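What follows is a short report on a single structure.
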Amino acid sequence: MLHPPLDQQPIDPAYPFRSESPLSREERKARFLGALKGILELDLYDRPLKMYLDTCARCNNCAGQCPVFQATGDVHDLPAWRSDLLRRVYRRYFTPSGRLLGRLVGAKKLTAGDIDAMVEAFYRCTMCRRCAVHCPLAVDNALITRIGRVLLAEIGFVPKNITVSVAAQLAKGGNTSSIPPAAFIDTLDFLEEELVDETGINIPIPRDVEGAEYFFAAPVSDYIMEADTLMGIARVFHAAGASWTVGTENYDAINYGLFYSDDKLEEILNRLLAEVRRLKCGTLVIGECGHATKAALLFHKVFGRSEYRDIRIESILQVTRRFLAEGKISFAASKDQGSVTYHDPCNLGRGLGLYEEPRELLAAAGIEVVEMQPNREMNLCCGGGGGLVVAPDLHDWRMSVGGLLKAEQLRATGAKTVVAPCANCKKQLRELVQHHNIDMEVAGLHDLVGRALTREEKA
């Protein structure tokens, strides 16, 4: 398969994503190139980014792995073609061969039209990294997509929903859903009452406990929409006799900076780490959220302030699995859950390698998993990754393109429940099963694990 001509722009009139920069078209080009120069000079990106931009066999192995391309068949959705939008600019301005030989080596001067193409192309990618698994040269097209978004942010192209959420989170006492602290505390009180009603046991959700071993942070949306997941996690901590707490000054683990801005990623991450340090906790535990876990685990040694780098960071999947291995929790004979399948979130799976922990927990709870095909490192993205799930305008695209193959994969299992330990995945999957009329419930891992715990206490 050949790539389309470099000058052909991938503007799709049916694609709803639009963003406009306040800068003139000439200013955009100058600032874009300046920002790319700055990124290439950073130790964090210098070697890997240059390697990926210098390397592409044009073999199109990525075509067979990309769910978006498989759904559209449009050559503009090829991961390698999308990366070429940035690759050709890099070669023209930052390599000797590109400056001398130009198009002969795939280099091209940056135009305003190129930037228009990037705005759409880099936001048609779910950044699932499935294409990287079978790339013979190990090119990470998702990293190139992310850097492309960082560059676009430098010239003012950022999805409105993301900027609004980040602004709310960075406000004093803020979070992406703008929930006031008093309302958050009321929610915790309500969840404690629900736990008593369901279990007959007083299971507290501690708050602002100094010196607790574990500081727990979940996506703030979980407190609104995923109460069963949060209550399951509270049950696990309680059954294990763990010392844990949430913080009332910063409790939102969401970090949308991962999708478009290192500066925002760094600021959001350090605000969360500051709350862990305020309460003198040793370990930050991120709840069921793929991108929040990845942003914290992978970037705290890079973007975390030096005084916070001793803080240990784990996923709740790792913590619960360790409690099981240490004999701190056990499970009763599981009630019939019906057939269950498991969805590997991209950021927890391909991003962090957390494949077996959730399966081991489900097995210990007596829940047999009907595996999707393929699964683990080759599992399909839910179709809403890379921050696209939070863009309302992209709903129809996520249903008909981004998540089309995922819907087919879900249906093929015949399962009645799909477990997905990720807030964004659960949102996308619920919309998919509804849109495609699939008879399936969507649940978090700890929804099921929490209900299967043995409990010896009495109210």
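The values are calculated or read from the model by the stated rules, or taken from the named source; none is laboratory data. All figures in this text were calculated on a predicted structure; none of them were measured in a lab. Methodologically, a virtual Cβ is constructed for each residue, glycine included, from the backbone with ideal geometry; neighbour enumeration extends over all protein chains shown.
For this structure, a couple of remarks:
Matching residues to (1) in the same structural domain as residue 154 (by TED's automatic domain parsing); (2) part of a loop (DSSP other than H, G, I, E, B); (3) at pLDDT below 80:
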position: 43; (1), (2), (3): yes, yes, yes
position: 47; (1), (2), (3): yes, no, yes
position: 59; (1), (2), (3): yes, yes, no
position: 86; (1), (2), (3): yes, no, no
position: 89; (1), (2), (3): yes, no, no
position: 103; (1), (2), (3): yes, no, yes
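Listed here are the residues, each with its yes/no results for (1) under 28 Å from residue 62 (Cα atoms); (2) in contact with a Cys (Cβ under 6 Å, 6 or more places away or on another chain); (3) surrounded by 24 or more Cβ atoms within 10 Å (Cβ to Cβ); (4) in contact (Cβ under 8 Å) with a residue 24 or more places away in the chain.
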| residue | (1), (2), (3), (4) |
| --- | --- |
| 393 | yes, no, no, yes |
| 396 | yes, no, no, yes |
| 408 | yes, no, no, no |
| 418 | yes, no, yes, yes |
| 437 | no, no, no, no |
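- The residue that is modelled with the lowest pLDDT, counting only those in region 414-457 that are assigned to a helix (DSSP H, G or I) and polar (S, T, N, Q), is 424.
- Neighbours by Cβ (under 8 Å, 6+ apart or cross-chain): first from region 250-267, closer than 19 Å to residue 38 by Cα and without any contact (Cβ under 8 Å) to a residue 24 or more places away in the chain; second of a type outside the set (Asp, Glu) and buried (at least 24 other Cβ atoms within 10 Å of the Cβ): 263/257
- Lone unmet requirement of (1) modelled with pLDDT under 85; (2) outside any loop (DSSP other than H, G, I, E, B); (3) over 15 Å from residue 81 (Cα atoms) for residue 28: (1)
- For region 343-355, the tally of residues that are at pLDDT below 95 and of a type in the set (D, E, K, R) stands at 1.
- Enumeration of residues in region 371-391 that are more than 19 Å from residue 261 (Cα to Cα) and surrounded by fewer than 24 Cβ atoms within 10 Å (Cβ to Cβ): 371, 372, 373, 374, 375, 376, 377, 378, 379
- Among residues that are surrounded by fewer than 23 Cβ atoms within 10 Å (Cβ to Cβ), of a type in the set (Phe, Trp, Tyr), under 14 Å from the mean Cα position of the chain (by Cα) and under 21 Å from residue 163 (Cα atoms), residue 303 is not included.
- Positions within region 233-268 being in contact with a helix residue (DSSP H, G or I) (Cβ under 9 Å, 6 or more places away or on another chain) and assigned to a loop (DSSP other than H, G, I, E, B), in sequence order: 242, 243, 247, 248, 249, 250, 251, 253, 254, 255, 260, 261
- Selection count, region 112-165, where residues are touching a Gly at 6+ places or on another chain (Cβ under 7 Å), among the aliphatic types (A, V, I, L, M) and more than 14 Å from residue 350 (Cβ to Cβ): 2
- Within region 353-362, the only residue that satisfies the criterion of being among the aliphatic types (A, V, I, L, M) and either more than 18 Å from residue 315 (Cβ to Cβ) or in a loop (DSSP other than H, G, I, E, B) (or both) is 354.
- Any helices (runs of 4 or more DSSP H) falling wholly within region 122-191 and containing at least 3 residues that are charged (D, E, K, R): 141-154
- Residue satisfying condition, being at positive phi and either without any contact (Cβ under 8 Å) to a residue 60 or more places away in the chain or among the polar types (S, T, N, Q) (or both), within set 171, 167, 138, 107: 138
- Residues in region 236-266 that are farther than 16 Å from residue 285 by Cα and buried (at least 20 other Cβ atoms within 10 Å of the Cβ): 239, 256, 257, 258, 259, 260, 261, 262, 264, 265.
- Residue in region 194-213 that is under 24 Å from the mean Cα position of the chain (by Cα), in the same structural domain as residue 276 (by TED's automatic domain parsing) and either surrounded by 22 or more Cβ atoms within 10 Å (Cβ to Cβ) or under 29 Å from residue 332 (Cα atoms) (or both) present: no
- Selection count where residues are of a type in the set (A, V, I, L, M, F, W, C), in a loop (DSSP other than H, G, I, E, B) and either at pLDDT 90 or above or within 30 Å of residue 265 (Cβ to Cβ) (or both), scope region 192-213: 4
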